[in-house]
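Below: one structure, written as structure tokens.
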Amino acid sequence: MIGRLHGTLLEKNAPWVLVDTHGVGYEVQVPLSTLFVLPDPGQPCTLLTHLVVREDAHSLYGFATLDEKQLFKTLIKVSGIGPRTGLAILSSITPQDFLLAVHSQETARLVKIPGIGKKTAERLLLELKGQLGTLNSGLGGVSLPVGGLQASASAVDEIVAALCALGYSDKEALLACKGLPEGCGVTDGLKLALKQLSRG
């Protein structure tokens, strides 16, 4: 597995770049978010990479940040989401904003991405919602400041699930979680959310 490339950037031709590493030229597909931060051809560059092996091809994908690489690897595990769609998602939305969309189940946010229809967006949100804590951890513990939300993603996920089990709607549960203090645990967060709901 090729996990990282460091060499001289020879060409930039979206979505492809060509990187020379010790005389070997690697063709790498990258999202626009990575392409925009790469230096001019002739300059040294480093890419975090993921190799996708298929029967008819070995394709190398490159990323400027670990968050992008981790999200790409997660996305292509979702049924119906291939590397091309994974690149389209990363080209259109940051990993942090994608996490926010999953957390708040915002289908409308995802259907704006080229190649993502309503059914695909709903499948993404459904399959990844249960992995929200793991996904957040894999992306460096990104905080989810939805309307001031600062509790960890995994804690909020559990709090929302608990509130829904008590009969509250997803919308009510998410609103109740706004403004939870940073580092708030599930138990304390649930108490605070319930207090917020009791105020109407």
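The values are calculated or read from the model by the stated rules, or taken from the named source; none is laboratory data. Everything numeric in this text was worked out from a predicted model, so none of it was measured. Cβ placement follows ideal geometry from the backbone for every residue including glycine, while neighbour counts extend to all protein chains displayed.
Specify which of the listed residues (LEU32, LEU48, LEU71, LEU87) is within 30 Å of ALA173 (Cβ to Cβ), touching a residue at least 24 places away in the same chain (Cβ under 8 Å) and in contact with a helix residue (DSSP H, G or I) (Cβ under 9 Å, 6 or more places away or on another chain). Step by step, each of LEU32, LEU48, LEU71, LEU87 is checked, and only LEU71 is within 30 Å of ALA173 (Cβ to Cβ), touching a residue at least 24 places away in the same chain (Cβ under 8 Å) and in contact with a helix residue (DSSP H, G or I) (Cβ under 9 Å, 6 or more places away or on another chain). Among the residues of the stretch 68-91, the one identified as closer than 18 Å to LEU47 by Cβ and part of a loop (DSSP other than H, G, I, E, B) is ILE76.
Listed conditions (1) crowded, with 18+ Cβ neighbours inside 10 Å; (2) at pLDDT 85 or above are all met by GLY82, apart from (1). Take the conditions (1) exposed (fewer than 15 other Cβ atoms within 10 Å of the Cβ); (2) modelled with pLDDT under 90; ASP67 misses just one of them, which is (1).
Has the stretch 30-40 got at least one residue that is at negative phi, more than 25 Å from the chain's Cα centre (by Cα), in a loop (DSSP other than H, G, I, E, B) and modelled with pLDDT under 95? Checked against the condition, which is being at negative phi, more than 25 Å from the chain's Cα centre (by Cα), in a loop (DSSP other than H, G, I, E, B) and modelled with pLDDT under 95, the stretch 30-40 yields at least one hit. Against the conditions (1) in contact with a helix residue (DSSP H, G or I) (Cβ under 6 Å, 6 or more places away or on another chain); (2) closer than 20 Å to ARG109 by Cβ; (3) not small (Gly, Ala, Ser), GLN96 satisfies every one except (1).
Reported count of residues in the stretch 16-33, each being within 19 Å of VAL53 (Cβ to Cβ) and of a type in the set (Val, Ile, Thr), is 3.
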